[in-house]
Structures are given as structure tokens and as C-alpha cells.
Amino acid sequence: MTTDILKIADKTFKSRLFTGTGKFSSPQHMQEAIIASESELVTVALKRVDIENESDDMLLHLNHSKINLLPNTSGVRTAKEAVFAAELAREALQTNWVKLEIHPDPKYLLPDPIETLKAAEELVKLGFVVMPYIHADPVLCKRLEDVGTQCVMPLGAPIGSNKGIKTLEFLEIIIEQSNVPVIVDAGIGAPSHAAFAMELGADAVLVNTAIAVSQHPVDMAIAFKMAVEAGRMAYNAKLAPVKKHAEASSPLTSFLNDLN
Amino acid sequence: MSFKNTFETYDWATLENEIYKVTPKDVENVLRKDKIELEDFKKLISPAAKPYLEAMAQRSNAITKKRFGNTIQMYIPMYLSNECQNICTYCGFSMDNGIRRKTLSDIEILKEVQHIKNLGYDHILLVTGEANKTVGVSYLKHAIELIRSQFSNISIEVQPLDQKDYETLIESGLYAVLVYQETYHKATYKTHHPKGRKSNFDYRLDTPDRLGKAGIHKIGLGALFGLEDWRVDSFYTALHLKYLQKTYWKTKYSISFPRLRPHQGGLAPKVEMTDADLVQLICAYRLLDEDVELSLSTRESELFRNHAIHLGITSISAESKTNPGGYSVEPQSLEQFEISDERSTEEIRQMIQSQGYDVVWKDWSKDYITTH
């Protein structure tokens, strides 16, 4: 197999499974699951950690050589607040990477495209590696690419819903058109969903709830790791085309044979 | 337009009749549905739903885990004052109750805060009676600013205020406001609130609208169980919730479940709500709304709270004192009501963790509050 490394900005990733830190039953379980997943990029909500406290339980459990922290701005409602949060995270966590999440709707946590684009533009100018969480909107993805985001993170289904890839038609267009890595974020509830996203050509997936809320988070983390690897391998190996139409025995053109 | 317009299209007696005539078949039909609506909620809180409690609890547990994960948010109340110009028949702070009145000074507030911080809390709920001259907007603003640097998340449960006052407090760092209607039965409301500004039912009813317009992050709703039929009051609360969610879509909501507790000069509940009733109601809310926060205070017993965290509850308090200065300044002063679960914060933490949940102390950043 050829080496298949994902590159985002200045970092390379062997694992195409990104994970989150919410909803686990304890920091220990979170740590075990993340390590088992072999994920190298782990998002953490700035609002959940005490950045002034060196012995913050969550941060202590994420202190691992293979884990890159990806602070997210969950909780902010506007571009202005997001930029502020990102700057706070950069200073406190010593990383210029940020997962830009602006969902003013606290119920379905759906991203605000207008504020996200505004914040992304500003954050890129401020030197951030911006990973924006957005609707599966192909035009918005191109607009974000234009302002300099290093990837796009369209959703598969509402966050935490575990419903799978419900935005298929739009994800296919995004993957076809994108010049930056496409990471399917939100909605992935089962390893089969993750494998499917990878088969489509997504560059990576981000999974949190499905692992954290599972009865056996470590096993589920491994299952996702394997599914992401399988999906990627299948994508690289080129899937056999799906036959969408029956092949008739040339009733329309067989007369050509008679003409000879 | 405000909730009052919606509220007035409903009639208490009609609702009561509808809820009490629900059949087991109706309940079964609701439980087959994926999406539970307000009409379905009516069925789930009916007496006919009682035999389906386990099924409701299982479903509530699963939905709650999906949305909130294996976590329970912790918060603690801090009473700033027991001064009050209202007469409320059920409340220890009622103006006609001959207790010594106290409002905390800056030094006392900071002393209480020190005690609370040592317990580990990062989300605090400030509580007062209604004494607009001494504990008005400027006092509250000052108190929030005084403690802001020490808490990630500050809520208040105080008298209803005007929209501009809420805007002022939000700018000072206020995250959430809890304002319970007590009862949606207008006549009963009048009986229990005969005197003071609180006797204005309509002003209280439209308080969440004013909060929504002010751009608050979270609004807490509830009815005080014991004043009237809890089923009808809960239907109105759910109606209020759904109205607010549609109107102020950027705001988050929480529901609390206060049952009347004994206190000096106390009132016996008119309508009793049993433990099983409360379980039914908690589960019904969760089935109606996957995302609403459900909060349970130390009014409830140890046993009940130990189990409630599996039923849909997402946030709880511990070791609460319901008197101003109760933590360290003046532990012996008269409380608003007696709490039931008297375990320490540490004991509650252990109880939660032993049941496979992580305790969340911090889920907000004080830096996220800016003007909108």
C-alpha cells in the first residue's frame, strides 16, 4: 500500500479519524478511548476547560505526545465572540489551530454560515489554522477556501444525532470541488457511516458522541479506527462502479449488425 | 406579541379535562411516535400514562445520554438577601413572616464566594427576594461584577425585571435567569400572591419574553408544585417553553421541578405530587424535548436524586443553603425552605461518579458574554 498521509497546514496525520472530548463518563475513559482510536487531532471545547488551572482534569488527560489539541469555540454566537475565543485558546493552549464553531441555535447546534465566514476571514488574517464547522454547502465551502481556511468541515447530519451521512448529495459536490481537505464532522453515529464517508473521498472524519456514549468507548474507538482505515483503503483502491441501469441486449442498436 | 397572547387562547378547565380523559391507548400511540409534540406531552403527563413509566424512563435515559452524554452539570445557589416586599403564602421570606432580614454586604458576599469556590463550584445561582430599593438592579449588577472573575457562569433567580435592566445585567456578566411562574392558574396565583409587585400575574408571565428580547443565554422555567394541579401547570410550562424556543431561538432553556417544602409559617400543598408523578413529569419533558436542561435541587431526597440522574436530569445542586450568608457568614439565619438532600458536595460528586457519570463543573467561559 502506498503511504497515504493527510496534510493540513503544517501538520501531517497518519490517522484520518479526528475525535472529541465531550460526553465521556470520566476523563480516564476519554483518555483510553482517544488513545485506542489512534486519533492525532482531538477537539476540546474552550468553555469546558479551565485554562487558568494547570491541573485541569480534562487537559491533564489529553497531555500525550501523539495528541494534537484542537480547541473549539462552541458556545459563541457571533464572529466577534469566536475571534475572541480563538485568541484566548491560542494563548492558553499554545496552538494556532482552531475549530471554528458558531452555532447561535443552542437546540440543534446548527452552524451560522454568515458569522462563520466572517470569523474565518478574520482568523486567517490573524494567523490561525481555521477548521470551520459548517453546513454541507458547496458554495460556502468555496467561499471559505477563498478566504484561506485550511480545510472545511461539513456536517453529515445534525451534531450528536448519530443519523449518518444525510447530506450525501452535497458532500459529493464538496469533495469533487474542494482544493482543501474535507472533513466530515457531526452526525456520524456508526463505524459504517465513517467508512461510507471515507469511501466517498472525504479526507477525514470527526467522531465524538458515537464513541463517548457507547457502552464500551474503547472498543467503539477501535471500531471507528478500523472503519476509517477500511473506507480510505477502499477509496484509494477505486471502488467498482455501481450499475445504475440494467444493460439491455441492444434492442435499439442491434439493427446496425443487420446493415452490414 | 408575547406569551400572554398564546396563553389566553387556552383554558385551564378544558386542559384539565383533556388530560384526565386520556386513555391507555392514547398513551401507547404516543409512545410509538418518533417525534413527541405538545399534544403528545399532554398524554404523557396524564394519569393514564402511569403504567408506562418504565418505558418512558428507558427512552428518556437513552435520549438524554445521546444529547448530554454521561455527564451531570453541578451548580450551587447563593442567597444574597431575604428582604422581600411580597406576600407569598408558601415562602419563608414572605413579608408577613417575622424573620430577621439580611442583605449581604460586599465583604460578606466575598466570604461566601470563598467558601463556595473551595467546594469546587464554577456555576453559581444568585437568589434574592424582591426588595427593589435595597436589592434592585444596581445591587445585582454590583454583585455580579464583584464575583464575575471567580465564576465561569452566573445565573440569577430574583424578581422579574424590565428588558433594559436585563440588558444591563447581561453586560455585567449574567448568563441565565430563572423565573418560575409558580402557577399558571390565574385565580390561584392571586390567592398565593395577594400583595407586592409579584401579585401582577401578567408581568411575571411575560418576563421570559423580556429576557429573550434582551438576548439572555439561558432562561429557566418552572411551576411550583403544590399550588395547583401539577399536570395542568406543567402543560402550560411546556407550552411556554415551546413558544419561547420558537420566538427566541438563540436562547437555551432549562426546566426546574420545585415541590413545596416545609418552612417556618409554611403552607401544606393543595395538590400533592408523588415521587412517581415527578418521575413521570421528568421523563415526559425529556421525550418532548431532547435538548432542554432538566434541573433538580436539594429539595428532593437522597434516594430520589440518586436515581434521577438516570431519568433525564442534567444538572443538580448540592450542599445548598437557602439563607443569606448560610455558607459561612451567618449559618444559623432563617432559610427560605428546608432542603432534603443534605449530603456534601464531595458525597454528591462520588455518588454521580459511582453511577458512571462525569461531574461537569465548568461548561461556559465568562469571556463569551458580550453585547449582542
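Separation of region B:318-345 and region A:23-46, taken as the distance between their Cα centroids, equals 37 angstrom. Shown for chain A is the translational diffusion coefficient from the Stokes-Einstein equation, using the Kirkwood radius over Cα pairs, a temperature of 10 °C and a viscosity of 1.306 mPa s: 83 µm²/s.
Within a straight-line Cα-Cα reach of under 30 Å, residue A:7 can be paired with the following lysines, leaving aside sequence neighbours fewer than 8 residues apart in one chain: A:23, A:47, A:66, A:80, A:99, A:118, A:125, A:142, A:163, A:166, A:225, A:238. If you take the Cα centroid of region B:195-256 and the Cα centroid of region A:121-183, the two points sit 38 Å apart. Roughly how far apart, in whole Å, are the Cα centres of region B:82-139 and region B:290-305? Cα centroid of region B:82-139 versus Cα centroid of region B:290-305: 22 Å apart.
Mean projected area of the Cα convex hull of region B:214-343, taken over all directions, amounts to 9.0 nm². Loop-located GluC sites (Glu not before Pro) in region B:248-298 (DSSP state not H, G, I, E or B) with no more than 12 neighbouring Cβ atoms inside 10 Å: B:272.
With the biggest extent put first, the Cα atoms of region B:273-372 measure 43, 42, 27 Å across the principal axes.
The trypsin sites (Lys or Arg not before Pro) of region A:157-260 that meet both conditions, a loop assignment by DSSP and at most 12 other Cβ atoms within 10 Å of the site Cβ, are A:238, A:243, A:244.
When the alpha-carbon atoms of region A:172-260 are used, the pair Rg, Dmax equals 20.1, 69 angstrom. Each chain gives up part of its surface: B and A jointly bury about 2600 Å² of accessible area, both sides summed, for a 1.4 Å probe. Restricted to Cα atoms, region B:129-272 shows a radius of gyration and a Dmax of 15.5, 43 angstrom. Hydrodynamic radius of the protein assembly as shown by the Kirkwood approach over all distinct alpha-carbon pairs: 26.2 Å. Distance between the 7 Å Cα→Cβ label points at residue B:96 and residue A:35: 6.5 nm.
Here the protein assembly as shown has 52 percent of its accessible surface on carbon and sulfur atoms, given a 1.4 Å probe and all protein chains in place. Gyration tensor over the Cα atoms of region B:58-150: the corresponding equivalent ellipsoid has semi-axes (square roots of 5 times the eigenvalues, largest first) of 31, 20, 12 Å.
Based on the convex hull around the alpha carbon atoms, chain B presents an average projected area of 16.7 nm². Rg and Dmax of region A:53-101, based on Cα coordinates, read 11.5, 33 Å. Normalised per residue, the accessible area of the protein assembly as shown is 41 Å², obtained with a 1.4 Å probe and no contribution from ligands, DNA or RNA. Write out the trypsin sites (Lys or Arg not before Pro) in region B:69-127 meeting two conditions: DSSP loop, and at most 15 other Cβ atoms within 10 Å of their Cβ. Here the sparse-neighbourhood loop sites are B:100.
For region A:84-123, accessible area lost to neighbouring protein chains reaches 30 Å² or more, against the chain alone with a 1.4 Å probe, at A:84, A:88, A:104, A:106, A:107.
The values are calculated or read from the model by the stated rules, or taken from the named source; none is laboratory data. Since the model is a prediction, treat every value here as computed from it, not as a measurement. Here the Cβ is made from the backbone with ideal geometry for all residues, glycine too, and neighbour counts use every protein chain on show. What goes into the accessible areas is simple: the full protein's heavy atoms, side chains included, and nothing from ligands, DNA or RNA. Shrake-Rupley method; radii C 1.70, N 1.55, O 1.52, S 1.80 Å.
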